[in-house]
Amino acid sequence: MIEVIELRKSFATRTGRVTAVDGVSFRAADGEITGLLGPNGAGKTTTLRMLYTLMQPESGRVLIDGHDPAARPDEVRRRLGVLPDARGLYKRLTARENIAYFGRLHGLDPARIDERVARLADALGMREILDRRAEGFSQGERTKTAIARALVHDPRNVLLDEPTNGLDVMTTRSLRGFLRELRAEGRCVLLSSHVMQEVAALCDRIVVIARGRVVARGTPDELRERTGEASLEDAFVRAIGSDEGLLA
Amino acid sequence: MNAVWTVFRKELLDAFRDRRMVLVALVVMPLAVPLLLAGLSTLGMRKQAEQLERTLELPVVGREHAPNLLAWLATHDVRVIDAPADPEAAVRGQRHEAILRISPSYAEDWRAGRPASLELVYDSSRPLQSGATVARLRGLLDAYDREVGALRLVARGIHPSVAQPLRLGSRDVATPESRFDLAQQMLPYLLLLLAFVGGMQLAVDATAGERERQSLEPLLATPASREAIISGKILATAAFTLLSLLATLVMYRVAFTFVPENRVDASLAVPADALVKLLLVVLPVVLLGATVLTALAAFARSHREAQGYLPLLIFLPMLPTLYLMVAPVKTRAWMLAVPFLGQNQLILRVLRGERIAPFEWALSLGAGALLVVAVWWLAARLYHREQLAASG
């Protein structure tokens, strides 16, 4: 369970201060997939970075299963599986070594790591690449390895920043299936995306973000109803007030 | 502590799979340093021997004034040739190393028993090129001077020792190991340089490279503390550097057992037990280098930027060597606490086979440890900056 209350963050740039996240509040429940939907530059990545303790909020609060990242960063990191926008692998290590490295950093013993690697490899369909070096992996193979690495410690909460970015249709389909499995296991899944169809196909709840603010929230049906638009795409455009940034 | 060990192991595994890095650190450097020093030393010895042994060609102005002197010189392997029109310009222009000018009044003064004037034209600002020649000529002329002087005294019935109130003998207390030459002067610098920046590739790859490959952000999202992560990276860098140094020293020793002893200065050979001492001496520099490089790499935005600092880092270990070259000083205890300067002194003492007292070890290692901790703290602060991972 992830709760976000009035989160705010700004950055100093050459031209002055830019408020990237401006009072964002939402809640992502266990056993649900929650989508942060918004155009590029809306503040999705910054919001997620504050959730996984990479950045400190200027004001507002975050609670991960009731724990505050500001007070207990290590406890929060243990409860989170994170697939950041930056998901580089160690090219000279095999997929298995990449995953095991993070397992050890999470304090897992070797037997437990083996067990988790086997399960994740089955679930993600990456058995045959486990012992290949990451150098020369396709985008899909890289993403699968990065996801397995993020989930090696069996976290209750899963954060994914643009998880299907750059993936082909088949890989995207299998990834969606995997995320639904995580939901079925009762985990809290929070993903960000600028692709409306992606969010519509996958998420139980949608939080629409534009210019650092939450402009709409609800189930896909509720969003359509509230804006009076027949398609979710039109509902989305109406919610953020323009269609800029949607053509990715 | 567990996380430190995990990061340490992973970074070393990663490094050993980088063929280029392993080749440079464990093969190229260990071969290059001994070859460079052995080559320099052999070249220096050969040049010196040549200058001492070959027939010396000496242009002489006014040959006709001193035929006896020139005949005597000819019996001492000096071939007299005609001098160029402008001796000073010829020496300055490096066409001749030295030119002898015999005064027109030489014969007259000689016969009258007055000191006969000779003038040696040479350029003291080129001691490497002409120093040996000039010294050899001076030696020959001095010998002729004494010889004729003694004969004159004997002719007057006086024992030559009357004109020699002093007899100066000299006894060189240098042990074979403490004899000094150019190559030996370079060894401390090369060792310190290798110790300080030898881990550059690994440190940059482990921090700036990690950020460039976009693997730093996921790493920082794990429960491992940032202090643990940098400690692991620093220790891995230091371990790799030590290995490279060990390979270099072993190769150095092996190389000098193959070169015939009369071809190089024997003082360059490092005794086996000195290897361990040398590694211990440079250990603080290895750790300091690993920490400084990691801090710099955390500060720089890319591989390229981090490598831009390299010239600056190469200059640092050079400072004490330069200082000692212009102001050779006696070793004092406080110097051992100064990074690079202390290690430089200790390396020389190990090479000379001198004993290093326990308190001197403590001073050098303790001061080094303090400095490492200070820079480590700085590196940890840099790692806590938000911009570190969130470059986008």
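What the table shows:
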| quantity | calculated |
| --- | --- |
| Among residues of region B:133-172, those that are among the basic types (Lys, Arg), open to solvent by 100 Å² or more (accessible area, probe 1.4 Å) and more than 20 Å from residue B:111 (Cα to Cα), counted | 3 |
| Residue ID - nearest to residue A:147 (Cα to Cα), chosen from residues in region B:215-233 that are charged (D, E, K, R) and surrounded by fewer than 22 Cβ atoms within 10 Å (Cβ to Cβ) | B:226 |
| Test for residue A:82: is it more than 9 Å from every other protein chain (Cβ to nearest Cβ) and in contact (Cβ under 8 Å) with a residue 24 or more places away in the chain | no |
| Matching residues in region B:30-69 - criterion: being at pLDDT 85 or above and open to solvent by less than 20 Å² (accessible area, probe 1.4 Å) | B:30, B:58, B:59, B:60, B:62, B:66, B:69 |
| Flag for residue B:303 being open to solvent by less than 60 Å² (accessible area, probe 1.4 Å), within 14 Å of another protein chain (Cβ to nearest Cβ) and either touching a Leu at 6+ places or on another chain (Cβ under 9 Å) or more than 24 Å from residue B:275 (Cα to Cα) (or both) | yes |
| Every residue from region A:56-81 that is open to solvent by 10 Å² or more (accessible area, probe 1.4 Å) and in contact with an Asp or Glu (Cβ under 8 Å, 6 or more places away or on another chain) | A:56, A:59, A:60, A:61, A:63, A:67, A:79 |
| Test set (1) in a helix (DSSP H, G or I); (2) open to solvent by 20 Å² or more (accessible area, probe 1.4 Å) - residue A:117 fails condition number | (2) |
| Region B:200-233, subset more than 19 Å from residue B:387 (Cβ to Cβ), within 33 Å of the chain's Cα centre (by Cα) and not small (Gly, Ala, Ser), residue farthest from the other protein chains (Cβ to nearest Cβ) | B:200 |
| Residue match in region A:66-80 (condition: aliphatic (A, V, I, L, M) and within 30 Å of residue A:132 (Cα to Cα)) | yes |
| Residues of region A:57-78 that turn out to be at the interface with another protein chain (Cβ under 10 Å from one of its Cβ atoms) and out of contact with any strand residue (DSSP E or B) (no Cβ under 8 Å at 6 or more places or on another chain), as a count | 4 |
| Scan of region A:90-105 for residues that are open to solvent by 10 Å² or more (accessible area, probe 1.4 Å), out of contact with any Pro (no Cβ under 9 Å at 6 or more places or on another chain) and within 7 Å of chain B (Cβ to nearest Cβ), ordered by number | A:92 |
| Residue A:206, sole failed condition from (1) among the β-branched types (Val, Ile, Thr); (2) open to solvent by 10 Å² or more (accessible area, probe 1.4 Å); (3) in contact (Cβ under 8 Å) with a residue 40 or more places away in the chain | (2) |
| Unmet requirement for residue A:49, which otherwise passes all of (1) under 15 Å from the mean Cα position of the chain (by Cα); (2) more than 9 Å from every other protein chain (Cβ to nearest Cβ); (3) farther than 23 Å from residue A:181 by Cα | (2) |
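Yes/no per residue for (1) open to solvent by 60 Å² or more (accessible area, probe 1.4 Å); (2) of a type in the set (D, E, K, R); (3) more than 16 Å from the chain's Cα centre (by Cα):
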residue	(1), (2), (3)
A:123	no, no, yes
A:136	yes, no, yes
A:165	yes, no, no
A:169	yes, no, yes
A:172	no, no, no
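The values are calculated or read from the model by the stated rules, or taken from the named source; none is laboratory data. The shown structure was predicted, so the numbers you read here are calculated from the model rather than taken from an experiment. Cβ coordinates were reconstructed from backbone atoms using ideal geometry, including for glycine residues, and neighbour counts include every protein chain displayed. Areas reflect the complete protein model, heavy atoms only, side chains present, ligands, DNA and RNA absent. Shrake-Rupley method; radii C 1.70, N 1.55, O 1.52, S 1.80 Å.
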